[in-house]
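The values are calculated or read from the model by the stated rules, or taken from the named source; none is laboratory data. Note that the structure is a prediction, hence the values are computed from the model and not measured. Positions of Cβ are generated from backbone atoms using ideal geometry, with glycine treated the same way; all protein chains shown enter the neighbour counts.
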Amino acid sequence: MGVNNSTNRAMSNSDDEAPSVLRPSSPLNGEDLPGIVEYLIRSGQFHFISQSGGDSDSGDNSSDGSEFVTMPSCVPQVNKNPDVTNIEKNDIHTTILQSSGRLAMKRWRHYMSPTMPNMLSMNQLGLNPGQQLSHGDKCVLHSRFLPNFMERKASYNHKAFCGKYSEDGNVFMTACQDTRIRVYNTENDMKLMKSIGARDVGWSVLDTAFSPDGRFAAYSSWSDCIHLCSIHGESDIHESLHIDPGEHSFCIFSLMFSSDNQEILGGANDGHIYVYDTELRKRTLKIHAHDDDVNTVRFANDSSHILYSGGDDGLCKVWDRRTLREQNPAPVGVMAGHSDGITFIDSKGDSRYFISNCKDQTLKLWDVRRFSDSTTVSETKRIVSSMRWDYRWERAPKKRIKRVKGDTSVMTYTGHCILHTLIRCRFSPSHNTGQRYIYSGCATGCVVVYDVLTGQQVCKLDGHSSCVRDVDWHPYKNILMSTSWDGSIGQWIYMDRNVLNGEAGEMMFDTPKPPLPRDRMRRGSFRVSQVKQPKSFEEPKQDKAKGLFD
């Protein structure tokens, strides 16, 4: 993080590492006290006590407003003209165009615009060469119905930290600062299936992970254990998997299962990557990966051979699981170009591309075939070590390094705020978008969606009153979930601008009017009532990538 290399190491940890701020061994002086007080207020450790307040044990309890929440003084800097030089030369440009259907759109231009009625008409007339809608065609149609309206699905009395779909999308799991892990059935309108009391929690549950078979969930906190619990069935399995780090104060910040359910990968505050074997019930690997906290780890694809890591040293590293040795933990390659600590990494799933969110207020796309040289790595370390701001409570510096010399990233995306906590970012699903988009949480309470190829903001979904820490898109539906520090879980769906919610949440239409004279005939047999737009409603901006197939 921004102050990792300052002399006061005790103040260097992220918000997720809150317990270390008040560690007894930390040397404090009068100058530290105002910052600590401000941190306690912003982080929610300072509460206004309500007589009727209390910790929530149910996913349906609504927040009583007792937790003090503030919005950051942050105005994201949006680059209106992103540099697309590198990405247009990269293979991902053609790959995304093809997978999202935009490459095939050229054939539509010979006949008509690629709207849903026109596509169906083409099929019926036999003008579609495939005689059916291709995967790309479906992705084009889905892109016209991006989520834009939020419905609050759950409210808690404490900050919500994690929100994640299972691989099939049938289950959604949340983790809250009240030490409850809640499991919802998404096939039954987010009905609460199970509420699990997390064990050995320090500060909060910081990360969760579904097993690929959907039977188990793992979670981590300030503890020397990873905890494993069952999701379905009457049996209530809840085990502690001991990591044995040898550190007095230890935390796993990031978790992920291998594709065969056998291993759990973790990144920790001691700069190490850990691998735990769930069959042998022991830690099988501990490698020194970064000079500072390892905030995020990810497997590159389903083979689980290649993995990525990102740390507070500002570097992203690529590792080969088959050649990892504790005695000589050498990465396959290093990606340098960020100027501050990495908060999250997400893989495209093809072992070639991944994205990284960073405290330098940027999100970058990387190609693992383009590693950074030693000069760029050294320059990145120098820049990160010179940072003297703390992203937990301070504003992002106005004067920031625009580009690290030798930056090997394929594309840089700006327009969201990374403050207070390890905010997540992800690729949109392959099934319904062709991974055309990248989306991220934001400290301003928004979800920001970017077009991968143009770098432009496609939409900015504003619906929360505090930082959105986690975001997850349903693997098969155009539904996006946002998890916020305001204690709410938001479900974003598409709603046509002409169809608005009434007070009870139903769609409201006026009674059809008699036909107008022919010379005054308007399209459609009825009008939609005009109602004031809800604050959370925001129509997606015009497709910035439209010119790619016009």
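Points worth noting:
- Test: residue in the stretch 261-277 that is of a type in the set (Gly, Ala, Ser), under 21 Å from residue 370 (Cβ atoms) and surrounded by 24 or more Cβ atoms within 10 Å (Cβ to Cβ): no
- Output for the stretch 270-306, where each listed residue is within 14 Å of residue 259 (Cβ to Cβ) and of a type in the set (Phe, Trp, Tyr): 299
- Residue check, residue 399 assigned to a loop (DSSP other than H, G, I, E, B), farther than 25 Å from residue 138 by Cβ and out of contact with any Lys or Arg (no Cβ under 7 Å at 6 or more places or on another chain): yes
- Conditions (1) in a strand (DSSP E or B); (2) within 18 Å of residue 345 (Cα to Cα); number of the one not met by residue 461: (2)
- Residue match in the stretch 406-424 (condition: in a loop (DSSP other than H, G, I, E, B), within 17 Å of residue 147 (Cα to Cα), of a type outside the set (A, V, I, L, M) and in contact (Cβ under 8 Å) with a residue 60 or more places away in the chain): no
- Taking the stretch 223-239 as the range and being assigned to a strand (DSSP E or B) and among the charged types (D, E, K, R) as the test, only 239 passes.
- Among the conditions (1) of a type in the set (Ser, Thr, Tyr); (2) modelled with pLDDT under 95; (3) in a strand (DSSP E or B), the only one that residue 308 does not satisfy is (2).
- Filter result for the condition that a residue is modelled with pLDDT of 95 or more, surrounded by 22 or more Cβ atoms within 10 Å (Cβ to Cβ) and in a loop (DSSP other than H, G, I, E, B), over 486, 470: 486
- All conditions but one from (1) of a type in the set (D, E, K, R); (2) buried (at least 19 other Cβ atoms within 10 Å of the Cβ); (3) without any contact (Cβ under 8 Å) to a residue 60 or more places away in the chain apply to residue 313; the one that does not is (3).
Table: residues versus (1) among the hydroxyl-bearing types (Ser, Thr, Tyr); (2) in contact with a strand residue (DSSP E or B) (Cβ under 9 Å, 6 or more places away or on another chain); (3) without any contact (Cβ under 8 Å) to a residue 24 or more places away in the chain; (4) not in a strand (DSSP E or B).
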| residue | (1), (2), (3), (4) |
| --- | --- |
| 331 | no, yes, no, yes |
| 340 | no, yes, no, yes |
| 345 | no, yes, no, no |
| 349 | no, yes, no, yes |
| 354 | no, yes, no, no |
| 357 | no, yes, no, no |
| 360 | no, no, no, yes |
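- Qualifying positions in the stretch 168-189 - surrounded by fewer than 16 Cβ atoms within 10 Å (Cβ to Cβ) and over 11 Å from residue 231 (Cβ atoms): 168, 187, 188, 189
- Restricting attention to the stretch 190-212 and to residues that are among the charged types (D, E, K, R) and surrounded by 14 or more Cβ atoms within 10 Å (Cβ to Cβ), the residue that is nearest to residue 254 (Cα to Cα) turns out to be 207.
- Considered as a group, the residues in the stretch 351-380 that are over 25 Å from the mean Cα position of the chain (by Cα) and not hydroxyl-bearing (Ser, Thr, Tyr) include one that is surrounded by the fewest Cβ atoms within 10 Å (Cβ to Cβ), and that residue is 373.
- Considering only residues in the stretch 282-298 that are outside any loop (DSSP other than H, G, I, E, B) and touching a Ser or Thr at 6+ places or on another chain (Cβ under 8 Å), the one that is surrounded by the most Cβ atoms within 10 Å (Cβ to Cβ) turns out to be 295.
- Residues (touching a residue at least 24 places away in the same chain (Cβ under 8 Å) and more than 23 Å from the chain's Cα centre (by Cα)) located in the stretch 197-228: 199, 200, 223, 224, 225
- Total residues in the stretch 116-163, condition at pLDDT 60 or above and not in a strand (DSSP E or B): 21
- Output for the stretch 242-276, where each listed residue is part of a strand (DSSP E or B) and farther than 20 Å from residue 309 by Cβ: 242
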